[in-house]
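Report on one structure; see the data block that follows.
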Amino acid sequence: EKRSDYLKILSRESDRLAHLVENVLAFSRIERGSARTAVRESSVRDLLENLRERFESRLHIAGMDLRMNLHGPSSETRLKIDAASVDHILFNLVDNAAKYAAAGTPPEVTIRVIAKASTLIIYVEDNGPGISPARRDRIFQPFHKSARDAAESRPGVGLGLALSRRLARDIGGDLLYEQRQGKMGAIFMLRLPLD
């Protein structure tokens, strides 16, 4: 029984370390200007459905559920985009929700999409505590966590959101944060070009 528990811990921590290394390497490639993009065309629904299993697996570890609202005309919108960058951005957002919003009610992450004119917006919402006003200005800065913060809070070094915003801007979009109005939780909006 103890071996099984140890195996689960080792597996979880190796996944976390692999994700951290992946973020550091991706950030380094962007800094050097050697990041490569592979643009392909897909519907929004197909793009997000291909990521569903990975997101559900990460959230399951945190005891959370994934709600993907891919009904309606926006999900049928076609876009030409670097799917690997979108995957990386969205996984960072889902991973953050798993780390910081697992105690939310209900414990879930919602992903929904809206197409407006020449922009697609992918919303990633959770029911966690949100981000305090004092920290909002720094969340997109690389390594914004101090060593003490990293040791005393959830695992991470404060690189995921900075990398995600840079990736979004590198593919012609942007990543923004919005506090949920009237209730707990955070909303991240990934804006992508449709032209």
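In summary, the lysines within cross-link reach of residue 99, defined as a Cα separation below 28 angstrom excluding same-chain residues under 8 places away, comprise 2, 8, 145, 183.
Pop out the carbon and sulfur fraction of the accessible area of segment 44-89 as a percent, whole number, probe 1.4 Å. Display every interim value, and only then the final one.
Working: 1060 of 2370 Å².
Percent of accessible area from carbon and sulfur atoms in segment 44-89: 45.
Around the amide H of residue 119, modelled in the peptide plane, lie the amide H atoms of 194, all under 5 Å away and 5 or more residues distant in sequence or on another chain. Take the Cβ-Cβ distance between residue 60 and residue 80 as r, set R0 to 30 Å, and report the resulting FRET efficiency rounded to the nearest 0.05. E between residue 60 and residue 80, to the nearest 0.05, is 0.40.
Could you do me a favour and compute the accessible area per residue for segment 36-134, 1.4 Å probe, result in Å²?
On the way: 4700 Å² over 99 residues.
With the other protein chains kept in place, segment 36-134 gives 47 Å² per residue.
The values are calculated or read from the model by the stated rules, or taken from the named source; none is laboratory data. Because the structure is a prediction, the values reported are computed rather than measured. Positions of Cβ are backbone-derived with ideal geometry, glycine not excepted, and every protein chain shown enters the neighbour counts. When the accessible area is computed, the model is the full protein with side chains, heavy atoms only, and any ligands, DNA or RNA have been set aside. Shrake-Rupley method; radii C 1.70, N 1.55, O 1.52, S 1.80 Å.
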